[in-house]
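Pasting in a structure now, in structure tokens, and then I'll have a few things to ask.
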2 protein chains.
Amino acid sequence: MTRGHIDLMPLDEAQRRFFDALDAVGFFAAPEECVPARRALGRITSRPARARRPVPHFRSAAMDGVAVVADRTTSASPETPIRLQEPQDFVYVDTGDVVPAPFDAVIKIEDVRQLEPGLIEVERPIASGKNLRTIGEDVQKGEIVVPETFKVTPEAVAALLNAGAFDVWVKRQLRAMYFPTGSELVSPMIDLRPGQLPESNSQIVSGYLRQWGCVVDIGPIIPDDRAALRSALGEAAAECDLVLVGGGTSMGREDLTGTVISELGRVLVHGVAYHPGHPVVLGLVGEKPAIGLPGYPVASWVALHLFVRPLIERYYGLAFDRPPIVEGRLAETIRSAPGAVEFVRVRLEPEADGWRVIKLRGGASRLSSLIRADGILEVPADVRELPAGTRVRVRLLKTLS
Amino acid sequence: MTRGHIDLMPLDEAQRRFFDALDAVGFFAAPEECVPARRALGRITSRPARARRPVPHFRSAAMDGVAVVADRTTSASPETPIRLQEPQDFVYVDTGDVVPAPFDAVIKIEDVRQLEPGLIEVERPIASGKNLRTIGEDVQKGEIVVPETFKVTPEAVAALLNAGAFDVWVKRQLRAMYFPTGSELVSPMIDLRPGQLPESNSQIVSGYLRQWGCVVDIGPIIPDDRAALRSALGEAAAECDLVLVGGGTSMGREDLTGTVISELGRVLVHGVAYHPGHPVVLGLVGEKPAIGLPGYPVASWVALHLFVRPLIERYYGLAFDRPPIVEGRLAETIRSAPGAVEFVRVRLEPEADGWRVIKLRGGASRLSSLIRADGILEVPADVRELPAGTRVRVRLLKTLS
């Protein structure tokens, strides 16, 4: 399919071609680093973390009662109770107390008859190890506490510290750099003149990339100047793992992103068959992925989710949680350009048997539509029309009450 | 139902009694504060945020072409084309360029016949507003950009900045303080002696509370000393919104948490009918919630999710995303104490038509089980046995591949 000057590649082919090229240069073999377990929350392990000490590290009582030698209770019965003397035959213990050798079982305090201070009677034998927490019962020394390619949860941090695993090997965070481009872009904090556009896509890019576990730098706005863009991208590719450029991705007179990426490295894909946002550039500068995101905010958002999120997932070796999908019924007929996947922003209204799905109007420039939308409906490339009333699946953008 | 000395309250009644009491003291009316939009990511709005300027703030071309006065093209047809002279009848514009008055439509460059420099011919009339982005097309000045009780997303930050809404009213973050208690607790970073327990539950509490949008302070370990606990809790309740105590929640000799909370305020619930972790204390110190979490790590984790998470959700007025639920079939029969909800840690193994659900062994002290578990199976209070092969629903703890 062609559109203007750009040959549009099917979405799945574009993703495959890009990720295959990244694979070929070894991009997905994330480097690792060793960090303190206390600071590892949210990081992805690169090796299994093993216990440096057993958990628990001493034998303790699992009940309030008396610690005894199990073997000496074998003959006990209600008819032939046995008498035990403190401290040679038993000691009193509360839950969690050390059970000293040679004692190897704990009789619950309710099952003990107190005859006089230091003298008790028991009417039932107890098995060795009963009501006892043994050394390494939870984790043996040397055992894996947290496996490889595991996103470190709060409980994993606690388990690592308990097991004396104070340092843990994790995948280095992906370091990304984003450059907004376009001579019309200015800081959103100023009084805008006609023709000036507030630069705010960097907020979207940095917000999501941090959420997805990256370290993100936002570069200065690059004007429509080939030399400036070239020098910024060259430096960023040397310093970072991932270079992102916002804008300049069409084939217009001032659209430099594809040109500069091809000068510095190679463009693998320019233009992908989906809406909104087909003018995306996927390339490499050296061995670093370089992605040109469209300038329109909705298009930038979609490209971020279609190309950057899966790239990061492959780098870390883990799929991030996706928001849930709900089923609903189309309020009106949706027409879609043939040959291109369409991502439709929709609102959802509750109805008797599910959700009423209402398409939001407006093009890729309408950032507000992403905030008003409850979800995204994906219309496959070979579907030209979804009649009103069709049952569809919608990926939620926010949790619905 | 009773267990030892504690009267156990049904889980839903415990939650209701606690939240009703918090409601009565106005706890859920979160205070608000005004913060810069750039720093509002992840915060929950307390008022709608309105646009201080329209987006876009100037009329611009939505296509590359020529800007014209639509009225002057009314008579154009292939047989009677009209000629337009630059600059009085038209100007050239690229997408995004300012469209100056009196021009009110843009004819695509492909639809224009170039006769000589500055002179063109058009063969079709154009409607006013066509291919034009009008002022406020996305957001009108004064219109709501981000609604109330909305978790600020990256795209919301961008939209706020675009609309000149540089400050935004958000709910103040809930300030929580957690005290680990117990004379046996020590820093996990030292060489442990028998009888000492590494204090690591604070990692679980702080990790989750921060994830749920709170500001968390971890207090020092409080020994089993009534005066020390009393003074720590009293100060924390004066300074914070939520006081959490780890351990000392049973009715044993050294279990002070319930006693001290009742001395400083009132205990609403002590002991709830669920496993693992029934010895939870829910109370108030002044108008501040005070919660005693059990000392065993798994029990602490469960109590955090059953009582603290919904408390925070009500404070912010928003439900957090829950991990998905999957269906599976029990590998073996699970027996459950009657009268108490049981939260069973399970592993999942893929089988032909779904998941095989395998119960993990071990009590509430086995933190490692939370890391090995793929999900949690909730067994209702009135169910005593789930036979092998029963189809059950499991709430995932991690995303399964």
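For the range A:1-99, what's the relative contact order in percent, using C-alpha pairs closer than 8 Å and at least 6 residues apart?
Working: 55 pairs, mean separation 25.1, N = 99.
In percent, rounded to a whole number, it is 25.
Going by the rotation axis that takes chain A to chain B, pick out the residue of A with the closest C-beta and quote the gap in whole Å.
Here the nearest residue and distance are A:Pro324, 3.
Follow-up. Which links in A:Lys398/B:Lys288; A:Lys108/A:Lys130; A:Lys359/A:Lys398 stretch past 19 Å when you go from one Cα to the other?
Values: A:Lys398/B:Lys288 30 Å; A:Lys108/A:Lys130 10 Å; A:Lys359/A:Lys398 16 Å.
Over 19 Å apart, Cα to Cα: A:Lys398/B:Lys288.
In whole Hz, with x marking every Gly and Pro, tabulate ³J(HN,Hα) for the range B:145-161 from phi via Karplus 6.51 cos²θ - 1.76 cosθ + 1.60, θ = phi - 60°.
3J(HN,Hα) across the range B:145-161, in whole Hz: 8, 10, x, 6, 6, 10, 6, 5, 8, x, 5, 5, 4, 4, 5, 4, 5.
Can you give the mean number of other chain Cβ atoms that lie within 10 Å of the Cβ atoms in peptide A:206-212? Walk me through the numbers before you get to the answer.
Details: counts 3, 9, 3, 1, 2, 4, 0.
Mean shielding count: 3.
Using Cα pairs under 8 angstrom and six or more residues apart, how large is the relative contact order of the range B:263-378, in percent? Each step should come with its number before you reach the end.
On the way: 174 pairs, mean separation 26.6, N = 116.
So the answer I get is 23 percent.
Taking only the Cα atoms of the range B:62-128, how large is their convex hull per residue, in Å³?
Working: hull volume 4.9 nm³, N = 67.
That works out to 73 Å³ per residue.
Oh, and also: What does the net charge come to around A:Arg230 if you take all other residues with beta carbon closer than 13 Å to its beta carbon, with K and R at +1 and D and E at -1? Kindly include the intermediate steps, with their values, before the conclusion.
On the way: positive: A:Arg226; negative: A:Asp224, A:Asp225, A:Glu235, A:Glu263.
So the environment of A:Arg230 carries a net charge of -3.
Positive end of the dipole of the range A:62-128, charges at C-beta (+1 Lys, Arg; -1 Asp, Glu), about the Cα centre: which of A:Ser128, A:Met63, A:Gly96 has its Cα farthest in that direction?
Result: A:Ser128, furthest along the dipole toward the positive end.
Of B:Asp94, B:Asp20, how do they rank once you tally other Cβ atoms within 10 Å and put the fewest first? Display every interim value, and only then the final one.
Details: B:Asp94 14, B:Asp20 10.
With the sparsest Cβ surroundings first, the list reads B:Asp20, B:Asp94.
Also, I was wondering about something else. Determine the sum of side-chain charges near B:Cys214: Lys and Arg each +1, Asp and Glu each -1, restricted to other residues whose C-beta is under 15 angstrom from that of B:Cys214.
After counting each charged neighbour, the total is +4.
If each label sits 7 angstrom from Cα along the C-beta direction, how far apart, in nm, is B:Asp111 from its counterparts in the other copies?
The answer, with the shortest distance listed first, is 9.0 nm.
Do any trypsin sites (Lys or Arg not before Pro) in the range B:206-290 lie in a DSSP loop with no more than 10 other beta carbon atoms within 10 Å, and if so, which? Please report the intermediate quantities before stating the final value.
Working: sites: B:Arg210, B:Arg226, B:Arg230, B:Arg253, B:Arg266; in loops: B:Arg253.
Passing both the DSSP loop test and the Cβ count: B:Arg253.
Where the centroid of each part is defined by its Cα atoms, how far is the range A:69-140 from the range B:344-401 in Å?
34
Full extension from A:Arg124 to A:Glu349: what is 0.36 nm times the residue separation minus their Cα-Cα distance, to one decimal in nm? List each step's numbers first, then the result.
Details: separation 225, 0.36 × 225 = 81.00 nm, distance 6.59 nm.
In short, 74.4 nm is gained.
Could you work out how far apart the two model spin labels at A:Arg322 and B:Arg175 are, taking each label as a point 7 Å from the Cα in the direction of the beta carbon, and quote it in nm?
4.2
Every other copy gets compared here: list the nm distances from the B:Glu79 label point (7 Å along Cα to Cβ) to its counterparts, shortest first, one decimal.
For B:Glu79, the other copies' label points sit at 12.4 nm, shortest first.
Please work out the Cα center distance from the range B:258-324 to the range A:220-292, rounded to the nearest Å.
51
Toward the positive end of the charge dipole of chain B, about the Cα centre and with charges on Cβ (Lys, Arg +1; Asp, Glu -1), which of B:Trp355, B:Leu282, B:Leu242 goes farthest?
Selected residue: B:Leu282.
Search the structure for amide H atoms under 5 Å from the amide H of B:Asp217, placed 1.01 Å from N in the peptide plane, and list their residues when 5 or more places away or on another chain.
Long-range HN contacts for B:Asp217: B:Ala176, B:Met177, B:Tyr178.
Hey, another quick one. Within a 10 angstrom radius of each residue's Cβ in A:161-168, how many Cβ atoms of other chains show up on average? Whole number is fine. Please report the intermediate quantities before stating the final value.
Numbers: counts 8, 11, 5, 6, 0, 2, 0, 0.
So the per-residue partner count for this stretch is 4.
Work out how far the C-alpha atoms of the protein assembly as shown reach from end to end along every principal axis, then list the three figures in whole Å, largest first.
121, 57, 46
How far apart, in nm, are two points set 7 Å out from the Cα along the Cα-to-Cβ line at A:Asp191 and at A:Arg361?
3.3
Still on this structure, I have one more. Per-residue HN-Hα couplings for the range B:361-370, Karplus 6.51 cos²θ - 1.76 cosθ + 1.60 at θ = phi - 60°, whole Hz, x for Gly and Pro?
Result, rounded to whole Hz: 7, x, x, 6, 7, 8, 4, 4, 5, 5.
A further question follows. How high is the relative contact order of chain B, in percent, counting Cα pairs under 8 Å that sit 6 or more residues apart?
On the way: 884 pairs, mean separation 63.6, N = 401.
Result for chain B is 16 percent.
While we're here: So how compact is the range B:325-396: Cα radius of gyration and Dmax in angstrom?
Using the Cα atoms of the range B:325-396, the pair Rg, Dmax is 11.6, 35 Å.
Going 7 Å from Cα along the Cα-Cβ axis for the label, what nanometre distances separate B:Arg193 from the same residue across the other copies?
With the label placed 7 Å along Cα→Cβ, B:Arg193 yields 7.5 nm.
Count, for each residue of A:50-61, the Cβ atoms from other chains sitting within 10 Å of its Cβ, then give me the mean as a whole number. Kindly include the intermediate steps, with their values, before the conclusion.
Numbers: counts 0, 1, 0, 3, 0, 8, 6, 8, 6, 1, 5, 0.
Mean shielding count: 3.
Name the long-range amide H neighbours of B:Met9: under 5 Å, sequence gap of 5 or more, or other chain; modelled H, no Pro or chain starts.
Sorted by chain and number, the residues that satisfy this are B:Val272, B:Ala273.
Around B:Lys288, which amide H atoms from residues at least 5 apart in sequence, or from another chain, sit under 5 Å from its own amide H, with H modelled in the peptide plane?
none
Which percentage, to the nearest 5, of the DSSP beta bridges contained in the protein assembly as shown is antiparallel?
Details: 121 of 165 bridges.
Taking every DSSP beta bridge within the protein assembly as shown, about 75 percent pair in antiparallel fashion.
Any read-out appearing in this document is the output of simple, stated calculations on the displayed coordinates, not a laboratory observation. All values derive from a computational prediction rather than experimental measurement. Cβ sites come from the backbone with ideal geometry, for glycine too, and all protein chains shown count toward neighbours.
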